[in-house]
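Comments concern the structure below.
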Amino acid sequence: MNKWIVEDWEFDSTGDNDYRWYLKEFGRNTVYLFFDNVSFGLYANGDIMSIKTLKSILREEKFLPVRASLERLDYCLEDDEEWYLLYETGNFSFDTSSNKNIDENSLAWYANYKSEEFTLQIQTKINKFRKNKNIVKLFEELNNYTIKNIKKK
């Protein structure tokens, strides 16, 4: 395990349904992993980053490992102004007929009553990024390519 890689990341939450993991070096409002009510993926702050440039860069073959780190792509670099870059929605399994297509209310129930299983699945998703040296380097490149002007806080 590359412990230093995980230590390069921080976690933050600004509300009940806003969880983000980001590289410490660049701060919480750059390119980051997010989890909200039922979706997990990659997001960028369009106030300080060029979303169009970022989506273009992420389409390059070099960044395939970032795209491939999600198990499924329900949203992938659409040609729009959304600050979402990539995400999967409801992609959790609890040995039910709705596996990999869990709705928000069901996921809340599982998070409460099967919290260990839920936590393990979230951790697995996040660690595909945080514990992979290549992905960390690509995240650094994404942030360096697209930052317009960032104020360190």
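Worth a mention:
- Listed residues 74, 16, 47, most fluctuating in the chain (Gaussian network, C-alpha, under 10 Å): 16
- Degrees separating the helix 104-113 axis from the principal Cα axis of the chain, which is the longest one: 70
- Under 19 Å from the residue 140 label point (7 Å along Cα→beta-carbon), backbone N, the stretch 38-82: 58, 62-67
- Stokes-Einstein diffusion coefficient of the chain, Kirkwood radius over Cα pairs, 20 °C, 1.002 mPa s, in µm²/s: 134
- Exceeding the 22 Å Cα-Cα cut-off - candidates 62/100; 55/100; 24/52; 52/133; 62/128; 24/131: 62/100; 55/100; 24/52; 52/133
- Summarising the label geometry, the points placed 7 Å from Cα in the beta-carbon direction at residue 7 and residue 109 lie 4.3 nm from one another.
A short reminder: the numbers here are calculations on the coordinates, not readings from a lab. The shown structure was predicted, so the numbers you read here are calculated from the model rather than taken from an experiment. For neighbour counting, all protein chains shown are included, and Cβ atoms are generated from backbone atoms with ideal geometry for every residue, glycine included.
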